[in-house]
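The structure under discussion appears below in the form of structure tokens.
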Amino acid sequence: MYEGIKHLHLTVMLLSVLLFIFRFVLTLKSSPKLQQKWLKITPHIIDTLWLLSAVALCLMSKQYPFVDAWVTEKLLAFVMYIVMVTIALKLARTMLMRFIGLLGALSWLAYAAMVAVSKNAFLFG
């Protein structure tokens, strides 16, 4: 069961990133495709599944945010990823800020992966 949830977690994480990059390119082109309903709803569904699978993994492994530092840092990285995606796609007014949002989102994602693989907290450890 744990392995299945872990695979779901990694799959929805990858889908989130791929969809983010796709939407980022459409944003740079000011594409009207961004107004399609599926592009407005799907990212929320995917990110919710990502978070729910993380909660399930925490419960199954008995490792929790604010108890285990590395899990806290993964949660922080997830929240910061969402914030940076929001900056890149919605809040940024200049091309430079959009690219900073893109780099920030991908950097927080890489950080979360580093923490997940090592199971070590680097910021609060």
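For n ≥ 4 DSSP H runs only, could you compute -39500 (n - 2.57) per run for the chain, divide by its residues and tell me the 222 nm figure to the nearest 500?
Numbers: 4 runs with 94 residues, N = 125.
When only DSSP H runs of four or more count, the value is -26500 deg cm²/dmol.
D for region 74-125, whole µm²/s, Stokes-Einstein with Kirkwood Rh over alpha-carbon pairs at 25 °C and 0.890 mPa s: what number?
Values: Rh = 11.2 Å.
The calculation lands on 218 µm²/s.
Measuring with a 1.4 Å probe in the full set of protein chains, what accessible area per residue, in whole Å², belongs to the chain? Before the final figure, lay out each step's value.
Details: 7750 Å² over 125 residues.
About 62 Å² of surface per residue is accessible.
Can you give the charge dipole size of region 18-107 about its Cα centre, rounded to the nearest 20 debye, using +1 on the beta carbon of Lys and Arg and -1 on the beta carbon of Asp and Glu? Mind showing how you got there, number by number?
Values: 10 positive and 3 negative charges, 107 e Å.
My answer is approximately 520 debye.
Determine, for each peptide in 11-20, 37-46, the mean count of other beta carbons within 10 angstrom over its residues, then list the peptides with the highest first.
Numbers: 11-20: 17.4, 37-46: 12.7.
Result, highest mean first: 11-20, 37-46.
Report, to the nearest whole %, how much of the accessible area of the chain belongs to carbon and sulfur atoms, 1.4 Å probe, protein only. Before the final figure, lay out each step's value.
On the way: 5680 of 7750 Å².
Exposed carbon and sulfur together represent 73 percent of the surface.
What is the percent of Cα-Cα separations in the chain that go past 24 Å?
Working: 2371 of 7750 pairs.
Percent of Cα pairs beyond 24 Å in the chain: 31.
The values are calculated or read from the model by the stated rules, or taken from the named source; none is laboratory data. All figures in this text were calculated on a predicted structure; none of them were measured in a lab. Note: ideal-geometry Cβ built from the backbone for every residue, glycine included; neighbour counts use all protein chains shown. Accessible surface areas use protein heavy atoms only, side chains included; no ligands, DNA or RNA. Shrake-Rupley method; radii C 1.70, N 1.55, O 1.52, S 1.80 Å.
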